[in-house]
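One structure is given here, and the rest of the page talks about it.
Throughout, read-outs are computed from the coordinates displayed, never taken from laboratory work. These numbers come from a predicted model, not from an experiment. No Cβ is skipped: glycine too gets one built from the backbone with ideal geometry, and neighbour counts run over all protein chains shown.
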Amino acid sequence: MEKILYGAMYSFKEIKSSKIFYSFLIFALILISGSYFVSQTSFINQGRIMVDFSIFAISIFNIFIGIFIGSSVVYDDIEKKSVFLALTRPIRRTQYLIGRFLGLAAAIIFSTIIMMLIFYFVLLIMHKFIVPAMPVVKTVRHAIKPPLAGSMPFTLYSLPQPLIIQGFFIIIESVFISAAALLFSLVTSKALASIFAILVFFIGNVSSRMNDLIKPVRKVINGKTVTVHQANHTLAAIVHFIYTVLPNFSLFNISSEAAYKISVSGGGISYRIIYGICYTALLFVISSLIFASKDIA
């Protein structure tokens, strides 16, 4: 366990100091801050424009961090032969891979927290889409005074529940896609691994909509249910196969709920968390098996 934690800390520091990590982070912060000025161009729903724009920026740049760093974090070690230094300590290949992946996940969590904090401060400046948290009141003789009007020196504000949950889902989604990028990097080149991961992310976002489009359209005519349109059976089978096998990344997008402050049910949150963790674990297990049998001499 100590070796894994050391590897994770080393990987986190290495990623955190890389140029590509800071490039994506800086661009995301510029977009989040710039979303304030974009929202000012509209006379209505400025808060919703701000939320949609910022969530998109945080999500897409975290995805890019997960894809491009995930496809290079182990691949570069193999290419530079620096992986031999780690594997001769002694440390097992699985321990090495877990440490590198945990460091990547920590870097994604770090970047998400930074972006969400900037997002929170921009919303605080706009005084939109923030909700009062527990007010801070003065205490007398270790007893809390009743919250009377005018007795509170200031009020703490927090993000609404859907925005906090969306930030958490962005972390799961980014770690998820980084596991896919890591898997592809073990069987192909770094460039192709990035391309394949982007394709998986794109298809995973549109597969649910494609699956809805191929469903038969039925209408009730004269008291009978009649199919008025049905897609080609071969096409429907292919789309349904893609929808079933590839991950459904649209599950982690609750920007509509966040923009309209619609609370997400506990069951929906739990299902998405379990789905993301199980799929990520499956991809990582496959990566471990490939890495264990890979000839890196």
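The lysines within cross-link reach of LYS215, meaning a Cα-to-Cα straight distance under 26 Å and a gap of 8 or more places when in the same chain, are LYS224.
Skipping prolines and chain starts, which residues have an amide H placed within reach, meaning under 5 Å, of the one on SER158, given they are 5 or more residues away or on another chain? Here VAL131, ALA133 satisfy the definition. Could you pull out which residues in the stretch 253-297 have an amide N less than 18 Å from a spot 7 Å beyond the Cα of ILE91, following the Cα-Cβ vector? Inside the label zone: 288-289, 291-294, 296-297. Scalar couplings 3J(HN,Hα) for the stretch 11-22, obtained by applying the Karplus form with A = 6.51, B = -1.76, C = 1.60 to θ = phi - 60°, are 5, 4, 5, 5, 5, 4, 9, 6, 5, 5, 5, 5 Hz; x denotes Gly and Pro.
Approximating the spin labels as points 7 Å out from Cα along Cα→Cβ, the ILE26-to-ALA133 distance works out to 3.1 nm. Other residues whose C-beta falls under 11 angstrom from the C-beta of VAL239 contribute a net charge of +1, scoring Lys and Arg +1 and Asp and Glu -1.
Remark: the stretch 195-208, residue by residue, has Karplus-estimated 3J(HN,Hα) of 5, 5, 5, 5, 5, 4, 5, 5, 5, x, 7, 9, 5, 5 Hz, where x stands for each Gly or Pro and the curve is 6.51 cos²θ - 1.76 cosθ + 1.60 at θ = phi - 60°. Bridging of LYS261 to aspartates and glutamates at a Cα separation below 18 Å is possible for ASP52, once same-chain residues fewer than 8 apart are set aside.
At a Förster radius of 35 Å, what calculated FRET efficiency corresponds to the Cβ-Cβ distance of PHE37 and ASP212, to the nearest 0.05?
Efficiency, rounded to the nearest 0.05: 0.45.
Residues in the stretch 255-263 carry Karplus couplings, in order, of 5, 5, 5, 5, 5, 9, 6, 8, 5 Hz; the curve used is 6.51 cos²θ - 1.76 cosθ + 1.60 with θ = phi - 60°, and Gly or Pro positions show x.
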